[in-house]
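Computed from the coordinates by the stated procedures, all read-outs in this text should not be read as laboratory data. This one's a predicted model, so the numbers in the text were calculated from it and none came from an experiment. Cβ placement follows ideal geometry from the backbone for every residue including glycine, while neighbour counts extend to all protein chains displayed.
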Amino acid sequence: MADLTALAQAETDLARLGGLAYDARSERPIWLQIYDRLARAIDGAIVTPGSRLPGEVQLAEMFRVNRLTMRRALALLQSEGKLQARKGVGIFVRPVPRAFVIRNDMRFADSLIGCEAQVTSRTLRLERAAPSPEAARLFDLRPGDLVIVLHRMRLLDGAPIYFTRKELPAHRFPEFERIYTIGQSVSAVYKAAGIPWFRRAETRVSGGFARPDEAEILCLNDNTPVQYVTAINRDPEGTAIEFNRGCWPMTSVEFVFKSPPS
């Protein structure tokens, strides 16, 4: 019911914007004028963050233009991260970013602060395979050595928010599959292997555009802006035990770097 109410309110607000007169095309193309109106509405929270917009056809009717004109305006807003398209679901206004604490002793589930939504995970792939070049160097592996590759997705209230690809040296975790299957916990695997705690020794954050496989998992359009987080975990002796590359939709998260309590 709340979603239907938000959609109805969005339709009302957008219909009002669409009914305004346009300036002359010679001053600014119509599709950019539509972009301007929608961008101001999003930045000013006139349309509710996280709300779903009407469909492309309905929006074109509201703004009295053809679908191609509307599509150009929506595409620019998506490329800037103001709108987010979810395959098979619709186009959504960027949500309020979730604060995610990056601290060298915190697990994922503990890092989403002030989050009342339910955080769940889904294992997409678990296998032993050849390492990536980065993992081979990090773990000082020899030709023929394998790593454990874990692809996992995190969800907030059932909606995908994060995709990660982990690599761990296979020789350190001979029973990874058995232990991980029990509780879906990498930390439990660490402890079973005699690693009571770990620290995140390095974190790198960079921007980019979602590759087709990442877009498919996160229910995004290809080339949607995303943030990549590359992290290295080490055991108490300083030996690297995990190479992790994660992908977030650009507007879904705000990273907060903190030092652990002394």
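For the range 58-64, 3J(HN,Hα) computed residue by residue from phi via the Karplus equation (6.51, -1.76, 1.60; θ = phi - 60°) reads 5, 5, 4, 5, 4, 9, 6 Hz, glycine and proline entered as x. Taking 16 Å as the straight-line reach from the Cα of Lys191, the aspartates and glutamates in range (excluding those fewer than 8 positions away in the same chain) are Asp105, Glu175, Glu177, Asp235, Glu237, Glu242.
Rounding to the nearest 10 and keeping the result within 0 to 90°, find how far the Cα-based axis of helix 2-18 lies from the longest principal axis of the chain. Around 50 degrees separate the two axes.
Positive contributions from Lys and Arg (+1) and negative ones from Asp and Glu (-1), summed over other residues with Cβ under 12 Å from the Cβ of Val205, come out at 0.
Taking GluC sites (Glu not before Pro) across the range 12-94, the ones in a DSSP loop with at most 11 further Cβ atoms lying within 10 angstrom of their Cβ are Glu27. Working note: Karplus 6.51/-1.76/1.60 with θ = phi - 60° gives the range 119-128 the couplings 9, 10, 10, 9, 7, 9, 7, 9, 7, 9 Hz, where Gly and Pro are set to x. Here's how it looks for Arg98: its modeled amide H is under 5 Å from those of Val253, Glu254, which are all 5 or more places away or on a different chain. Sites listed here are GluC sites (Glu not before Pro) in the range 165-237 whose DSSP assignment is loop and whose Cβ has at most 16 other Cβ atoms within 10 Å: Glu175, Glu237. Once both labels are positioned 7 Å from their Cα atoms along Cα-to-Cβ, the gap between Ala193 and Glu254 label points is 3.6 nm.
In terms of the mean number of neighbouring beta-carbon atoms within 10 Å, the peptides 32-38, 180-186 order highest first as 32-38, 180-186. Compared with the dominant principal axis of the Cα atoms in the chain, helix 30-43 is inclined by about 60°.
Once backbone amide H atoms are built at 1.01 Å from N, Glu242 has Asn233 as its partners under 5 Å, excluding neighbours fewer than 5 places away on the same chain. Listed from fewest to most Cβ neighbours within 10 Å, the set His171, His151 follows the order His171, His151.
Would the range 174-260 count as rounded, prolate or oblate if I go by the C-alpha gyration tensor, calling it rounded below 1.5 in a/c and otherwise prolate when a/b exceeds b/c, oblate otherwise? In terms of gyration-tensor shape, oblate. For Leu20, neighbours were defined as the other residues whose beta-carbon sits under 13 Å from its Cβ, and their charges (Lys and Arg +1, Asp and Glu -1) total +1.
Hydrodynamic estimate: the Kirkwood radius of the chain over Cα pairs, inserted into Stokes-Einstein at 37 °C and 0.692 mPa s, corresponds to D of 159 µm²/s. Computed 3J(HN,Hα) for the range 211-226, one whole-Hz value per residue from the Karplus formula 6.51 cos²θ - 1.76 cosθ + 1.60 where θ = phi - 60°, is 6, x, 5, 5, 4, 5, 5, 8, 6, 10, 6, 4, 6, 5, x, 9, glycine and proline marked x.
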